[in-house]
1. Cβ-Cβ below 9 Å, separation at least six or inter-chain, first residue in the range 54-72 and in contact (Cβ under 8 Å) with a residue 12 or more places away in the chain, second open to solvent by 50 Å² or more (accessible area, probe 1.4 Å) and of a type in the set (Val, Ile, Thr): which pairs?
2. Answer yes or no as to whether Lys179 is under 22 Å from Leu116 (Cβ atoms), charged (D, E, K, R) and modelled with pLDDT of 80 or more.
3. Working only within the range 161-184, note down all residues that are within 21 Å of the chain's Cα centre (by Cα) and free of Cβ contacts under 8 Å to residues at least 12 places away in the same chain.
4. Any residue in the range 134-160 that's not assigned by the TED database to the domain that holds Lys179: show its pairings with residues that are open to solvent by 10 Å² or more (accessible area, probe 1.4 Å) at Cβ separation under 6 Å, as long as the two are six or more apart or on different chains.
5. Is at least one residue of the range 185-193 open to solvent by 20 Å² or more (accessible area, probe 1.4 Å), in contact (Cβ under 8 Å) with a residue 24 or more places away in the chain, under 24 Å from Asp69 (Cα atoms) and not aromatic (Phe, Trp, Tyr)?
6. Among (1) over 30 Å from Asp82 (Cα atoms); (2) within 18 Å of the chain's Cα centre (by Cα); (3) among the β-branched types (Val, Ile, Thr), where does Ile120 come up short?
7. Does Gly127 satisfy being more than 23 Å from Leu59 (Cα to Cα), open to solvent by less than 70 Å² (accessible area, probe 1.4 Å) and in contact with a Ser or Thr (Cβ under 9 Å, 6 or more places away or on another chain)?
8. Mind listing whichever residues of the range 132-165 are more than 18 Å from Leu117 (Cβ to Cβ) and in a helix (DSSP H, G or I)?
Amino acid sequence: MGSRKSKHIIPSTTLTDEQINKMCQQLHLSTDEIRQRHSDFIHQYPHGFITREQFFDSLNEVWPETHIDKFASHLFVTLDRDRNGGIDFMEYMMLTSKLDSDHMNVNNDENAYLELLFDIFDRNHNGYLEKRELKPLVESIYDLAGLPEGERHGVNSSHAQVKYLLNKLDKNGDKRLSKQEFLNEENWNRTEQFGRLLFNY
């Protein structure tokens, strides 16, 4: 998986007015709500950031029976926008706002669910999922769903699934998936094994 060690992080336990105003605008929350959530965050993480180790441990508590390392690594990189090796309060809020029950319910708003996955695995942030980014997406879904290694061969291998997804979802034939192509739920075949795992893990 690679090292979970964090880089040197400069502690920050306070919020500036500029940061609060930015979050209020982006997350549609009041100043009081931002301050309360920040207070709760600092209570849990006194240094003002979530280390890589803490992040992996928290996800292990959510998915104790699965191998979350690959997914957690991709998600951590997505959240750690300033690349300092930790997730600060603003970065944390960007995730929790997407996972908030009012914003996303996997059963009722699968488009938001797919959008979150797209943002996690679009590692170079160019608005497309390239072939090299689709492989870890497939492997992460397999890990989260607990698919045994013995069942990840043939048509269910990550290589075969990437090829299948491109053939199925890539409507303009450019060998990559735009966000629009990826978010079009009508393109997904839920009867195929990967489709079942993706929407039901």
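The values are calculated or read from the model by the stated rules, or taken from the named source; none is laboratory data. Keep in mind the model is a prediction, meaning the values are calculated, not measured. Neighbour counts run over all protein chains shown; Cβ positions are idealised from the backbone, glycine included. We work out accessible area using only protein heavy atoms, side chains counted, and drop any ligands, DNA or RNA first. Shrake-Rupley method; radii C 1.70, N 1.55, O 1.52, S 1.80 Å.
1. Ile68/Val62
2. yes
3. Gln180
4. The qualifying pairs do not exist here.
5. Yes; the residues of the range 185-193 include at least one that is open to solvent by 20 Å² or more (accessible area, probe 1.4 Å), in contact (Cβ under 8 Å) with a residue 24 or more places away in the chain, under 24 Å from Asp69 (Cα atoms) and not aromatic (Phe, Trp, Tyr).
6. Exception for Ile120: condition (1).
7. Yes, satisfied.
8. Passing the criteria: Glu149, Gly150, Glu151, Gly154, Val155, Asn156, His159, Ala160, Lys163.
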